[in-house]
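The values are calculated or read from the model by the stated rules, or taken from the named source; none is laboratory data. These figures come from a predicted structure and were not determined experimentally. Every residue, glycine as well, gets a Cβ built from its backbone with ideal geometry; the counts of neighbours run over all protein chains shown. Note: accessible area is taken over every heavy atom of the protein model, side chains too, but ligands, DNA and RNA are not part of it. Shrake-Rupley method; radii C 1.70, N 1.55, O 1.52, S 1.80 Å.
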Amino acid sequence: MNRQLTVNGFTYQAEYADALVEHTLLPLLFRLDVMQKRKGRRILVFLAAPPAVGKSTLVAFLAALGGERGIAVQGAGLDGFHFPNAYLRSHVRMPDGTVAALSPAENNGNTSALAGNEGRLFRRSNAALYAAAPAQGWNQRGDRLPGSDASPVCLAAIKGSPETFDTGAFREKLRELMEGGPVRWPVYDRRKHEPLRDAALLAENIILIEGNWLLLAEEPWMEIRRTFADLAIFATANPEILRERLISRKMRGGSTRAAAETWYETTDGPNIRRVMEHSAEADITLRL
């Protein structure tokens, strides 16, 4: 089945196998419709998946398909809750998984230099140079994160990792959604590579939220799921296919093949493994 969709500001043709639509996606929509009517309130559905699986496209397709069947579904993304680039350039992930802000003397007013070349990790051997300043909404972990480095890492170099999201702001918007009224939602601008506040309006009674980390088996993500998700879906795909998609995506953005592969090895690849190996069990699992 083909549909022309607009995803992240880009319009293109999306295609899903008829069998997948008839036997999986339509029954899912009917299930959501029944759930919403039974609960008599707005429901929130979390769709988690590794990078490049096609979460945004799937959400847009489900919304279009639901509209054709009289089931009003509206999609939303986690990516709008990225911290701004200025924040990412001025904060580091410490080896224990906490986030710290660079002191004014350390960044010397030139935060753009901290990220270095694309995919290069920012390192310092003297952790005392960093002022302990927890990121808003970020959980303070006492153990090391999966794949964490032995030195501080600039958040700009690992953009897309869980600690680069403002989970506090995300939780507040979810609370607003649960109150039932229209809610302004942030959107990630893939041309500016920055989040745009209040760019979308969510007003339907079935909201399908997609993001890499929605089912991560770590706090605060587990608490967020327990508190707000009426249903959790996990979508997966062959990791090698995801690798090629991500490298191609980076190259379309102007990177060389070598730079795109470096970014994959330092950021996208670890994120894929972390999503696939450290996500909690979902209510429904899809293979795309």
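At 1.4 Å probe size, with every protein chain present, just tell me what the per residue accessible area of the range 11-65 comes to in Å².
Counting only protein heavy atoms, the per-residue value for the range 11-65 is 41 Å².
Carbon and sulfur together cover what percent of the accessible area of the range 201-288 at a 1.4 Å probe radius?
About 49 percent, which is the carbon plus sulfur part of the accessible surface.
Just the accessible area per residue of the range 163-247, please: how many Å² with a 1.4 Å probe?
43 Å²
Would the range 204-252 count as rounded, prolate or oblate if I go by the C-alpha gyration tensor, calling it rounded below 1.5 in a/c and otherwise prolate when a/b exceeds b/c, oblate otherwise?
Since a/c reaches 1.5 and a/b is larger than b/c, the shape of the range 204-252 is classed as prolate.
In whole Hz, what ³J(HN,Hα) sequence does the range 57-73 give by Karplus (6.51, -1.76, 1.60; θ = phi - 60°), x for Gly and Pro?
5, 4, 5, 5, 5, 4, 5, 5, 5, x, x, 5, 9, x, 10, 7, 10
Report the net charge of residues surrounding Pro50, where surrounding means a beta-carbon distance below 13 angstrom and charges are Lys +1, Arg +1, Asp -1, Glu -1.
Here the charged neighbours net out to +2.
Would you please give the residues with an amide H less than 5 Å from that of Leu214, counting only those at least 5 places away or on a separate chain, with H modeled from the backbone geometry?
Counting only residues 5 or more places away or on other chains, the set is Ala49.
Using a 1.4 Å probe and ignoring any ligands, DNA or RNA, find the accessible area of Met251 and quote it in Å² to the nearest 10.
My reading of the accessible area for Met251 is about 80 Å².
For Thr57, Thr267, give the ranking by accessible area with the largest first, probe 1.4 Å.
Thr57, Thr267
Loop only per DSSP, at most 14 neighbouring Cβ atoms within 10 Å: give me the GluC sites (Glu not before Pro) in the range 172-203, ordered by residue number.
Counting only loop positions with at most 14 other Cβ atoms within 10 Å, the GluC sites (Glu not before Pro) in the range 172-203 are Glu179.
Which of the three applies to the range 1-84, rounded, prolate or oblate, going by the alpha-carbon gyration tensor with a ≥ b ≥ c and a/c under 1.5 meaning rounded?
The shape class here is oblate.
What net charge do the residues around Arg243 carry, taking every other residue with its C-beta under 12 Å from that of Arg243, with Lys and Arg at +1 and Asp and Glu at -1?
-1
Sum up the charges of everything whose Cβ sits under 12 Å from the Cβ of Glu176, counting Lys and Arg as +1 and Asp and Glu as -1, but leave Glu176 out.
My count for the surroundings of Glu176 gives +2.
Ranked highest first by the average count of other Cβ atoms within 10 Å around their residues, in what order do 223-230, 161-168 fall?
Ranking the peptides 223-230, 161-168 by packing returns 161-168, 223-230.
In sequence order, what are the phi-derived ³J(HN,Hα) couplings for the range 88-93 according to the Karplus relation 6.51 cos²θ - 1.76 cosθ + 1.60 with θ = phi - 60°, rounded to whole Hz, with x for glycine and proline?
4, 6, 10, 10, 10, 8
Report the calculated FRET efficiency for Phe30 and Arg171 (r = Cβ-Cβ distance, R0 = 25 Å), to the nearest 0.05.
According to the calculation, E is roughly 0.25.
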